[in-house]
Structure formats: structure tokens, C-alpha cells
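Let me begin by presenting the structure, written as C-alpha cells, before commenting on it.
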Amino acid sequence: MNENNPVPPLISQTDAAQRLADKPNPPLAISPSGPRPLGDDPAERVPIAHAFAAIEALLRQPRRLLFQLRQPGAGKLIVGMLFVAFFCAAVYGVVAGTFSGGTQLWAAPVKIALGLFISAAICLPSLYIFTCLSGAQSRLAEVCGLLAGLLMLMTILLVGFAPVAWIFSQSTNYIGWMGFLHLAFWLVATLFGVRFMKNGFSHAQAKSQAGVNVWIIIFLLVAVQMTTALRPIIGKSDTFFPTEKKFFLGHWFDTLREASENNGTAHRY
Amino acid sequence: MVTPLAPPRSIGAFLRAEPGRFYEWVMGQPSRLAGFCLVSIVIGAGSYGAATGYWRNPTQALYTGIKLPLVMLLTTLGNGLLNGLLAPLLGLNATFRQTFTVVLMSFAITSIVLGALSPVAWFIVWNAPPLTGRTNIASPEYAMLQLTLAVFVALAGVIGNVRLIPLLRQWAGSGSVARHVLLAWLMGNLFLGSQISWVLRPFIWDANRPVEFIGQDCFQGSFFETVFEAARRVIFL
Amino acid sequence: MARSTVSAPHARPNVLKLVPTTSQPAPAEFSTLLRGEAAAISAWSTEWNARRFASHLVIIFLGAGCYGAAMGGWRDPQQALFVAIKFPLIILLTTLGNALINGMLAPLLGLNIPFRQSFSAVVMGFAITSAILGAFSPLTAFMVWNAPPMTAQAVSLPVYNLIKLAHVGIIMFAGIVGNARLFQLLVQLSGGHVLASRVLLAWLSGNLFLGAQLSWILRPFIGSPELPVQFLRDGALHGNFYENVFNSLTHIF
């Protein structure tokens, strides 16, 4: 063995076991050196009774929602938030469906709402693992709650954008433009949702946001690919699901090419 | 009375552990920690492998689901002796069993990340058009699939190795020793792992062969010969 | 005494309760609005007053309507009537269409005001813009009256471009002043320039985005001598403003 090997500087096994046995569970709130602990304002401790209160809290008192998501029995709140997200996604889907009308009026909401939830379900395991790797002291239920918050904020904002999307849906028949518009609205809404989620993780003793940042890229890619996997969402088609598998970049290029060849009136998306 | 430190009870506890905690696990009950890592590798890398192989068919999914954890375990075993020798030579006071456990731990973290990414990988694979007439090896769809899967493996590998640095630094009491040890292990594992992967191919889809656990020509050539040959062709045309 | 005076600049919303919010006579309120007395205006925005809201709507209809009439008057009296209706309509539809998203963006960006308050703040901003436009309408009408009748020849003369540029300049000026007043109000509500700028930028982006498309749908405004006088063009709902801009750019390059 190399003579220069230093003596292991770490504590002994027995000391370590004793120390860990005596050590209390890490607090869920953050340390005094970090951001202000959740729940230090009495207003943040007021329970959130129903879905509308959750919407109000998400927009105006996000810290209250973050605090309530950490409390025992937050499952009901999370289910309520997911219900709001599903409903709002469906509402936006109806608006997206008005571009083509007909069967798309029910197909688009179904696809948008389901697609969003499937994307979230696909990405949930990686979100949990990346938050653990960042050192965040969040339970799986809390991670689910933050993801539900992301979805709810995203879909609420999409409902806010819905009147604008509807006006454009009625006044243009260029599918490339509508696709771009919906993606732009979705991106803006997602960025706000992601900001809420990152804010939540900053209260969970996370040492780094790198894992969450990587996850955001993965989530964006999955959600964008989902729009291609469930196409058409805004255009028309004879079948509910696509008959051909494609990646989103290839599909978008094909759509834009077809649209320009057909004088901007292609109705396949 | 002080009881020996129990190994991690959950994936969350394992991933969130501080370097000190890792050290205590390695020192305390390495066999139980190794068991935990083994299960993590089999499930994590197995599910990622299954998602990858599913592109071709469920049988290929099963085969790749077995082969990917096998690559990791065989690499750990094959390099176990070398890694155990290199560590003290480079300044890390660790026994053979400890270095073996630490390398296994790194692969376990990599596998857990791969397992978490397996639903995403499966979704990407599900969206990729099959490797038939229209889609071939030169298609952008195939390139996109390969690239995504490779990026996920690279990401998981980087995370698995980066997580070792604080532990090795604290253990060795020196940042440079930790870096040297990790680099040495990494090079050895990459070298052997590449060749084991070559032997156990195909992982995704070999369009020229039926579905089989290991290709008939598995022991013909090597990964490095192929790379060398490709480089020679590029340089000398 | 201090309790009855206007609150200090950068005061937080709760301080605004100290400002007297009793109704003033409509002309006095109008001049307060135009002077951009941020404290008083922010106090208005904290409480809902149907009469005051109606007066802001009247300002929008009169101001933007008069300017629209002057704008359309060059083509035909009927065109003047149409544009007098359409111009305020664009403002109101933009406000309504973006009300929900504007109301959500304000708290998300850090300005915790209720939905109604953000709505009335935007309406007040547009009311100031409309008032300025209304003030310019006699000037515009005089300019149009002095211009040669709108014929195919006149369109090729420099006067046509001059009138177009004058409209752009006046609308831009009114818009800038209206938004500057809105900014002062937001500073008062938020207590900081950074937050106020952020909210204003978000609102402005949304309003410009939707407003441009609504203007495109509700065209024509100045009118064309070669086309009949119409409330909406035949293909009003075909294509959009941004598509048109994109097509123009591709033709140029």
C-alpha cells in the first residue's frame, strides 16, 4: 500500500451509527440560511378548501400552496389540482379544435388533456430521481404535488390564452401558423409552471437545480413529441390516431412543406 | 448500544445520501450495500434495456433487458481486481472489497437514473418508425433514436461517476487523488465495458439477423478493431 | 391630515386605502386621469365603481370613435361611420380578449392585484390613449379635409403617404402616453420600477399581439378608392396579420 495514503478522515462506523441514531429527521422546511421557511406567515397555514381556492393560491399565494402540499393529507389537494388541470386542458383543447371543427371539437380536448397527463406520467420517475440526486428532501407525494402545480398553472394560463387562440383559429386557415401559435402559448405557460416547480424545490434543501433543469428539457421534448404521437390535434384526419410513426421535427418539416405546397391550407397536423 | 449502520432502505435515501453516509455504508455492511446495488442495477438497467429492445419486438426487449445489467455487472467483476489495485496505488486507502462496492455503487446510481428514464426511452422508441423498408440505418429517425438513447446513457453515466467524486475526495482527503482514482477506474471500465457490449450485441436492432440473445459472430473482432478500421478508412480512404 | 392626502410614491397597495376614493365630478376625474395622478388613479383601481368604469368606456368610444371618423372620412362619410365604430371596438375587444391572461400574468410576475383591478387598469390606460386620440381628431379631420379627394391618382401622390404616416405618428404618440400613464399606475401599485416594467411589458406584448390581429380582421380603416366602402372586407377572416407580414418579408427578400 502506498505510504502516503492518508488515514481516512471520516468518523468511525460506531460513531457514525450513534450519530445517525441520534439525528432527528431532517426538517421539511429550509434552513435559516436559505429562503424564508414556508408557513412562517399564518396566512400560508390556512388550509386550501377547494379547487378554486387552489387556483387563487397558485396565482397569488404560491407559498401557501407549497406549504399545504407538504402537509399530511395533501393527496386530496393534489387530486383537486389534477382535476382542474384536466378540465382546463380540455377547455383549451376545445378552442384548439375550433380550427378544424367537426370531430376535432371533441378529439382535440381529449388528446390535449390525455397527452399532457401521459407526458407527466412518463416524466414523473425521472423527476423524482433527479430531485433525490439534487439532495432535495421531498417525498414522492410532494414531487407529485409540484408536478400537479406545474400542470395546473400551465393549463390555467392556456385558458387565459384561449380567447386569443380562438380569434386566430377563426381568422386563419394556415395550419403551420396555428401550430406555431399553440406551441408558443404552451411554451410560455410551461415556463411559468416550471418556475413554480423550481420555487417548490428551492424549499426542499436541494443543493443544485441542475437535475431539475435537465428534467425540464426532457419534459419539454416528451410533451412536444406527444403532440406528434397524438396528431392530428388541430388539423383533420380520417383516423383518431396517426397511422405512421414520426419524430416531431420530421413531422413539422413535412407539415410546413405540405402547407406551402397547398398554398398554406394543409389540414393535417 | 450502537448498532451497525443499516444499508439504504429506499432509492430516495440512497440517492440523497451525503458522502459521509456513503462511506459509512461502505465501511459498515458492504455486502448488504452490494445487494442493494445489485438489485438496483438489475431493475434499473434492465428496464432501460427492455425499453430500448422493444423497438424491434418483445423478445429483443427481454434480451436487452438482461444484457444491459449484465454489461455492468461483468465490467465490475472483470475490473474488480484492477480497480482494487489501482486505488491504493493512486493514494486511496481502500480494500479490494471496498473498491468493488464503490464501483458497484456508481453503476447502481447510473442504473437508477436509466430506470427512471426508461419510460421516456420507451416513449421515444414507441414513436420511432420500425427499421423496415422506409426507415433504414441511414434514416434521420434512426439517428435520432440512437442519439437520444446514447444521450440518456451518457447522462446517467456522468451522474453515476460525478456522485463518486465527493465520496472519494473525502475518503482520500485530497481532490487530486480522488480525480486520479476516478479517472483510472473510468478508463478501465470504459475499455472493458465497450468490449463486453461489443460481445453482447445487438442491443437495439440488427436488421441483418433474426432476434437472438447474442449474435453468431459475437467473438469475431472487437469494438476497438472496428473503431480503428473505421478511422483507417476515413483517413486513408 | 396626512390620512386624507395622497399617498407617497412607491407606496404599497394597502397604503392606498388612505387616499380618498369618493367620486369626483366626471370632468374632474377626466382631468385627473389625463394628468396621470398615479395615487388617485391607483385608488380608483382598487375599488370597483360602475359609474367610473362607464365613464372610461365613454371616453374610449368618444375619443377613439372621433379619431376613427376622421380617419375614415377621407374615403367616404359612410366609411367614417364604420371606422368610428370599429376603432373603439378594437380597443374593447383587445381588452376583453386579454383580460384573463393579463389578470393571471400580473400576480405571476409579482404584482398581486385582483383580476378586476388589472382589468380596470388596462381600461384606464386605453381611456387615456383614446382621450389623446380624440383630442387629435379635429386636427386629423382638418388634415383630411385639406387633402385632395381619395381617388386612384391621389393614392399615388405623396399626400397619401403623408396622411398614413401622420396617422401612425399620432396613434403611436397616444399609445406611448397611455402606456406611460399605465406604467406610473403600475409603479404606484407595485412599489418598484422593475416589477412595473415587467408587468407592463407582458400586458403590452399581449395587447399588441391581439390588437394587431383584430385590426387586421376589422380592416379597412383609411379605405381604398378601388374597393367599395365596407364594414369588413369580404375575406376578413382569411389569413392573419402575421402571415401577411411574413409573406411581405419573403417577397422582399
Which listed residue, of C:Ala202, C:Ala174, C:Ala196, C:Ala180, is small (Gly, Ala, Ser), part of a helix (DSSP H, G or I) and closer than 30 Å to C:Arg75 by Cβ: C:Ala174
From C:Leu210, C:Leu237, C:Leu232, residue being within 13 Å of chain A (Cβ to nearest Cβ), under 19 Å from C:Lys86 (Cα atoms) and not in a loop (DSSP other than H, G, I, E, B): C:Leu210
Residues located in region A:252-261, provided they are among the hydroxyl-bearing types (Ser, Thr, Tyr) and either more than 11 Å from every other protein chain (Cβ to nearest Cβ) or within 20 Å of A:Ala223 (Cβ to Cβ) (or both): A:Thr255
Tally of residues being assigned to a helix (DSSP H, G or I) and either over 29 Å from B:Trp126 (Cβ atoms) or of a type in the set (Ser, Thr, Tyr) (or both) across region A:199-233: 6
Residue in region A:117-125 that is under 14 Å from the mean Cα position of the chain (by Cα), among the hydroxyl-bearing types (Ser, Thr, Tyr) and more than 16 Å from A:Ala206 (Cα to Cα) present: yes
Residue within region A:97-113 that is within 16 Å of the chain's Cα centre (by Cα) and aliphatic (A, V, I, L, M) present: yes
Test: residue in region B:39-48 that is among the small types (Gly, Ala, Ser) and without any contact (Cβ under 8 Å) to a residue 12 or more places away in the chain: no
Among the candidates B:Leu74, B:Leu68, B:Leu114, B:Leu82, residue that is within 27 Å of A:Ile216 (Cα to Cα), touching a residue at least 60 places away in the same chain (Cβ under 8 Å) and more than 11 Å from every other protein chain (Cβ to nearest Cβ): B:Leu68
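Residue by residue, here is whether (1) surrounded by fewer than 20 Cβ atoms within 10 Å (Cβ to Cβ); (2) in contact (Cβ under 8 Å) with a residue 60 or more places away in the chain; (3) more than 13 Å from every other protein chain (Cβ to nearest Cβ) holds:
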position	(1), (2), (3)
A:Ser202	yes, yes, yes
A:Trp215	no, yes, no
A:Leu221	yes, no, no
A:Gly250	yes, no, no
Count - residues of region A:126-146 that are surrounded by 21 or more Cβ atoms within 10 Å (Cβ to Cβ), within 14 Å of chain B (Cβ to nearest Cβ), under 17 Å from the mean Cα position of the chain (by Cα) and not polar (S, T, N, Q): 7
Within region C:45-82, tally of residues that are farther than 12 Å from C:Leu133 by Cβ and either among the aromatic types (Phe, Trp, Tyr) or touching a Gly at 6+ places or on another chain (Cβ under 6 Å) (or both): 7
Out of A:Ala162, A:Ala184, A:Ala96, A:Ala189, sole residue that is away from chain C (no Cβ under 14 Å) and in a helix (DSSP H, G or I): A:Ala96
Residue match in region B:125-145 (condition: surrounded by 15 or more Cβ atoms within 10 Å (Cβ to Cβ), among the small types (Gly, Ala, Ser) and either more than 30 Å from A:Lys245 (Cα to Cα) or facing another protein chain (nearest Cβ under 8 Å) (or both)): yes
Hits in region A:53-106 (condition: among the hydroxyl-bearing types (Ser, Thr, Tyr) and surrounded by fewer than 20 Cβ atoms within 10 Å (Cβ to Cβ)): A:Thr98, A:Thr103
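Every read-out reported here was derived from the displayed coordinates using simple, explicitly stated rules and does not represent laboratory data. Every value quoted in this text rests on a predicted model; they were computed, and no experiment measured them. A quick note on method: Cβ atoms are made from the backbone with ideal geometry, for glycine too, and the neighbour counts reach across all protein chains shown.
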